[in-house]
Amino acid sequence: MSKEQKQEQKQKQEQNPKQTQEQKSLFEQIWEYREEDLYPTLFGQKRRGIFVLTAEIFTQGFKQASYDPRWLSYGVIEFEPTDDRDSWLYATSGASNPWNADASSYHLQDYSGFGAELVFEVTEQSQWAIVVLQRLLAFNILLTIGRYGEAPALDYGHRIPLRQPLDGKNSQLTDIVISKPAHYPDSFKLKSGQVDFLHAVGITATERDYAQAHSSEKLLQQLKSASAAPVTDAARETII
């Protein structure tokens with residue numbers, strides 16, 4: 001940084017130091033509330049992570065020529081089973097960060113950040129669950145910022161092909177359907193706006209085809225009746 005650039009930066013800070021500090025403080029409060037208060041209350045105290053996104057997910061996995069470095073602070077947190085839940089739960093954190101909103105305008109925002117965080121429940125502790133959720137998170141970021149044209153961001157009922165077995169090995173589950181959670185709140189509020197939870201469920205190709213013909217809602221009803229949702233068991237067989 002040149003001497004002139006340093007002087008310009010110092011002048012900007014001196015012009016409004018209070019606003020800069022206030023914005024940083026509110027931003028940190030929002031991040032801390034989500035990860036240290038809300039998530040442990042909803043999903044349990046015993047957790048591991050955060051497993052952050054990598055540059056390779058964007059450049060190699062999604063063939064992107066560029067990415068925002070701030071995305072590499074987003075990631076996945078692993079929550080152990082609790083007395084009330086037998087499953088291992090994985091939740092994204094960071095996509096609801098209000099990077100592009102000024103602290104003074106937080107009250108004007110309908111949604112915070114990208115407006116959604118993803119959740120994935122599985123029957124056993126799994127590295128592949130982290131990988132799947134990281135890819136879903138990265139994909140949703142790219143959808144939200146328009147890297148895939150007019151394609152909308154992920155929402156309830158959407159189906160996403162993984163193009164490989166869920167566990168990267170022999171699972172029959174090769175796709176994801178997005179469900180609206182009913183066993184925990186489907187959204188939460190931050191000072192910077194609302195955030196929706198998008199619950200991922202693994203499905204087979206025949207289940208995906210059924211959903212295409214009849215709707216994701218009808219498929220999810222059948223999955224729940226067969227105890228194949230909301231918790232995903234990578235070893236299960238198709239129910240269709």
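The values are calculated or read from the model by the stated rules, or taken from the named source; none is laboratory data. All values reported here derive from a predicted model rather than from experimental measurement. As a convention, Cβ positions derive from the backbone with ideal geometry for all residues, glycine included, and neighbour counts pool all protein chains shown. Accessible surface areas use protein heavy atoms only, side chains included; no ligands, DNA or RNA. Shrake-Rupley method; radii C 1.70, N 1.55, O 1.52, S 1.80 Å.
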If a/c stays under 1.5 just call it rounded; otherwise compare a/b with b/c (prolate if a/b is bigger, oblate if not). Do that for the chain, with a ≥ b ≥ c from the square roots of the Cα gyration tensor eigenvalues.
prolate
Given DSSP loops and a limit of at most 10 other Cβ atoms within 10 Å, what is the longest stretch of the chain that contains no such trypsin sites (Lys or Arg not before Pro)?
64-162
Can you list the chymotrypsin sites (Phe, Trp or Tyr not before Pro) in the range 175-239 that are in a DSSP coil and have 10 or fewer other beta carbons within 10 angstrom?
none
Any idea how far apart Ser66 and Gln194 come out in nm if each label point goes 7 Å out from Cα toward Cβ?
3.3 nm
Does a label point 7 Å from the Cα of His183, set along Cα-to-beta-carbon, have any residues of the range 26-66 with amide nitrogen under 13 Å, and which are they?
43
Length released on extending from Asp37 to Thr238, taking residue separation times 0.36 nm less the Cα-Cα span
68.6 nm
Would you kindly find the accessible area of Tyr184, with a 1.4 Å probe and non-protein molecules such as ligands, DNA and RNA excluded, rounding to the nearest 10 Å²?
20 Å²
Output the relative contact order of the range 65-184, whole-number percent, from Cα pairs under 8 angstrom with separation of 6+ residues.
18 percent
Neighbourhood net charge (15 Å Cβ-Cβ; Lys/Arg +1, Asp/Glu -1) for Ala65:
0
Just by accessible area at a 1.4 angstrom probe, what is the order of Glu36, Glu80, Glu237, Glu121 from largest to smallest?
Glu237, Glu36, Glu80, Glu121
Looking at the chain as a GNM with Cα springs under 10 Å, which of Ser171, Ser112, Ser93 has the largest mean-square fluctuation?
Ser171
From the Cα centre of the range 213-240 to that of the range 148-176, the distance in Å is 14 Å
Phi-derived 3J(HN,Hα) across the range 218-234 with the Karplus relation (6.51, -1.76, 1.60, θ = phi - 60°), rounded Hz, x for Gly and Pro, is 5, 4, 4, 4, 5, 4, 5, 5, 8, 6, 9, 7, x, 8, 9, 10, 5
What residues have an amide H closer than 5 Å to that of Phe114, excluding those fewer than 5 places away on the same chain, when H is modeled at 1.01 Å from N in the peptide plane?
Ser96, Asn97
Roughly how much of Thr54 is accessible, in Å² to the nearest 10, using a 1.4 Å probe?
60 Å²
